[in-house]
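The values are calculated or read from the model by the stated rules, or taken from the named source; none is laboratory data. This one's a predicted model, so the numbers in the text were calculated from it and none came from an experiment. Cβ coordinates were reconstructed from backbone atoms using ideal geometry, including for glycine residues, and neighbour counts include every protein chain displayed.
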Amino acid sequence: MRYLALAAICLAVSAAQATSQPNFPCGGFLAGNEYDGGGSAGQTYFQQLQQWSGWGSCDNNLCSGGLGTGNGTCWIERYQRYPSLTGASAEIYDYYAELVNGQEMGDNALFFKKLAPAMTNDTLYNGITSATFYYSMKVDSSAVNNAQALEFDVFQFYCQPNGQGGCTAVYRFMMGTQCDLHPKNYNGIIWEFWDPLGSNGPWDHSYNEGNPIDCSTLLDGNWHKIILNATMNLSSPQTYTFKTLKVDTSEYTITGATYDTPTSGDDPNIGIQFQIDVTSAGNGYHEWFDDVRLCTLTSGCPTQ
């Protein structure tokens, strides 16, 4: 499981500028391949984000949680023709076999993409109140035994203006979700929601009056289309609320999933993340994601 507390991110340019690149290692706190940007002023709908350059990554326990020390074997490669839905999916991989006191330890590999150019205009997308995150994903057969969790996040680092061109505080709206494949205190392979400050956290499985959403189908090796919608309250108390989760043809209204938002040292920005967690068995697996989109409109976002 990862603790999102220090998932700091610096990142990329538009798909029009992107060129194919070989896979690269993601070890350490932050790999040296990320750079900022990609979005344009006034943009509210971002498409095919899996093709955009500048994805960052890490597998250090201070960044992505878990027990990794940055020595894992993990990478991302874009423009994969197979398997793919659009002809250009992104593939991520993680394998970890570091011995700690004679025991092979698991690893968490985080891959992230920010959309605003943090070095030039931090507040380009500051103050959004709704986010709809679209993606299709699949895993290989090794994930059945080797995956601990499949994580998918959309975030806003919100600058509360101080009236002088700065921030009184930056709030971390981290709308994190994961399919937990190895639950310890409850039955089933289920969706969980990130609750950084609450008593149900950090991963909440008590929403919907104790009737969680099954996610075991994500392991069947097929493509699955997922749409997550969440809203943000920017006034005190700053909270975010998970509204709906659609998995293939099944749509769920999420109840009891409003969480408090912590302050952070992040630069204001918005973006998305994918993370794959490996079990302590020390074996790896692959995940592909495709047709990745983000809509920040409060109404009028695509339904598919």
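Computed quantities for the displayed model
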{"item": "Qualifying residue in region 179-189 (condition: within 15 Å of the chain's Cα centre (by Cα), surrounded by 15 or more Cβ atoms within 10 Å (Cβ to Cβ) and at pLDDT below 95)", "result": "yes"}
{"item": "Filtered residues of region 208-249 (kept if farther than 25 Å from residue 286 by Cα and among the hydroxyl-bearing types (Ser, Thr, Tyr))", "result": "231, 235, 236, 239, 240, 241, 244"}
{"item": "Residue, nearest to residue 246 (Cα to Cα), within region 149-169, restricted to residues that are surrounded by fewer than 19 Cβ atoms within 10 Å (Cβ to Cβ) and touching a Ser or Thr at 6+ places or on another chain (Cβ under 8 Å)", "result": "160"}
{"item": "The lone exception for residue 95 - which of (1) at negative phi; (2) at pLDDT 65 or above; (3) surrounded by fewer than 16 Cβ atoms within 10 Å (Cβ to Cβ) it fails", "result": "(3)"}
{"item": "All strands (runs of 3 or more DSSP E) inside region 191-304 with 2 or more residues being surrounded by 19 or more Cβ atoms within 10 Å (Cβ to Cβ) and among the aliphatic types (A, V, I, L, M)", "result": "224-233, 239-247, 269-278, 285-295"}
